Amino acid sequence: MKRFLPVGVIIVALLIILLVVRRCTSSSASNYQTATVTRGPITQLVTATGTLNPVVNVQVGSQVSGNIQKLFADFNSEVKAGQTVAQIDPALFQAAVTQAEGDLATAQAALELAKLNATRTETLFKQKNSSQQDLDQATAALHQAEGNVKIKQGALDKAKADLDHCTITSPIDGVVISRNVDVGQTVAASLQAPVIFAIANDLTKMQIDSNVAEADIGAVSVDQDVDFTVDAFPTRTFHGKVVQVRNAPITVQNVVTYDTVIGVSNPDLKLKPGMTANVSIIIAHKDNVLQLKNAALRFRPPEAATSDQARSTSSPSGQRPTGARERKPERTVYILSYGRPKSAQIKTGISDGIVTEVTEGSKEGDRVVTAELSSASASPPANPFSGQQRRFP
């Protein structure tokens with residue numbers, strides 16, 4: 001019996017030591033918030049907002065001024081190319097055509113007279129009954145009459161063209177999405193053609209003109225898939241493709257964006273021109289990859305944060321360390337090991353803003369530290385009613 005007593009004492013001592021170590025480890029681990037490295041899909045997106053527009057949108061205007069006499073189309077009317085959509089009162093233009101025809105007839109009569117005079121003068125000059133000056137004057141009068149006929153012919157052609165422009169036709173097949181005038185309204189085409197109708201060629205094919213920030217435009221390219229939503233259908237996700245990235249910058253209050261055109265199919269005509277689209281351009285997607293929370297990449301223990309600050313202040317004044325703004329694939333995270341955070345160098349890949357791909361330096365199941373809990377939050381709150389009672393006078 002005495003022989004087994006020292007063995008029992010050793011076992012009890014080992015159990016006590018193990019219990020103390022486990023309790024210390026558990027107490028230390030409870031001071032940190034962790035997240036587990038898992039596997040799953042990651043989709044990296046570029047977000048933007050834009051406006052839905054028809055691919056072909058023609059504004060039909062008037063080249064002449066006058067009163068709108070008739071309208072043959074209205075909102076949402078389907079029209080064909082060459083179909084009459086509006087009529088301007090042609091009375092004044094018809095009168096101008098009649099006057100131009102009369103001026104042309106007068107000029108032609110003067111031309112005939114000038115030809116006769118030129119022929120007669122030439123005959124007299126050959127008979128030496130007329131001077132060279134008379135022949136020259138007759139020839140000049142003939143050329144002047146010919147030029148006057150051309151001027152009057154041009155005036156007649158212009159008057160006829162203005163008369164034809166009183167009848168406004170659709171240049172394309174499509175749907176009227178806007179009508180800006182009413183019958184009896186006067187349109188003035190003095191400086192620019194007033195817009196009467198806006199006609200969309202085909203509403204089943206539309207495009208989104210989205211404004212992508214200059215920081216994200218480098219990752220956007222043609223043929224990338226796009227998901228977007230509109231406020232009219234908040235529970236439905238529509239799809240499209242990037243068809244063009246325009247080089248012209250758009251600067252508003254020192255913010256530079258670039259117009260990215262996204263092609264959209266609209267067979268059910270649910271999408272309407274002018275709707276605001278919340279765009280998500282899919283620039284990268286991977287399935288079944290290691291991933292960790294982005295909070296783990298931002299966590300630094302107090303001692304590590306102090307050393308990082310010392311290194312940053314040791315650089316020359318007014319200079320930023322080289323590559324400080326670049327996103328490096330090598331990052332430092334802290335893996336919880338035996339209750340204490342241990343630094344580890346990992347390589348990262350794509351990110352969706354919540355989780356980041358881990359390509360090297362970690363394995364599935366690792367517990368990475370995302371935050372350090374304060375001692376006050378780790379310990380239970382004190383009971384205000386415990387302890388010595390307060391005496392009131």
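Quick note: the coordinates plus some simple rules give every number you see, no bench work behind them. Just so you know, these numbers come straight off a predicted model, no measurement behind them. As a convention, Cβ positions derive from the backbone with ideal geometry for all residues, glycine included, and neighbour counts pool all protein chains shown.
A few comments on the model shown:
- Principal axis dimensions, largest first and in whole angstrom, of the stretch 117-213 by Cα: 86, 41, 25
- Cβ-Cβ FRET estimate between Thr51 and Leu373, R0 fixed at 51 Å, reported to 0.05: 0.65
- Mean Cβ count within 10 Å, highest first, over the residues of peptides 69-82, 41-54: 41-54, 69-82
- Distance between the 7 Å Cα→Cβ label points at Thr98 and Arg246: 4.9 nm.
- Only Lys, Arg (+1) and Asp, Glu (-1) charged, at Cβ; the stretch 190-280 dipole about Cα centre in debye: 260 debye
- Counted residue by residue at 0.36 nm each, then reduced by the alpha carbon distance between them, the extension gain from Leu124 to Ile16 reaches 24.1 nm.
- Potential extension, Ala284-Asp134 segment - 0.36 nm per residue separation minus Cα distance: 45.0 nm
- Descending semi-axes in Å of the stretch 142-185, equivalent ellipsoid built from Cα gyration tensor: 39, 13, 6
- Paramagnetic reach from Thr43 in the stretch 262-301 [backbone N under 11 Å; point 7 Å along Cα→Cβ]: 280-286
- Given R0 = 51 Å, the distance between the Cβ atoms of Asp182 and Leu116 translates into a calculated FRET efficiency of 0.35.
- Amide proton proximity set for Asn266, modelled H, under 5 Å, gap of 5+: Lys205, Met206
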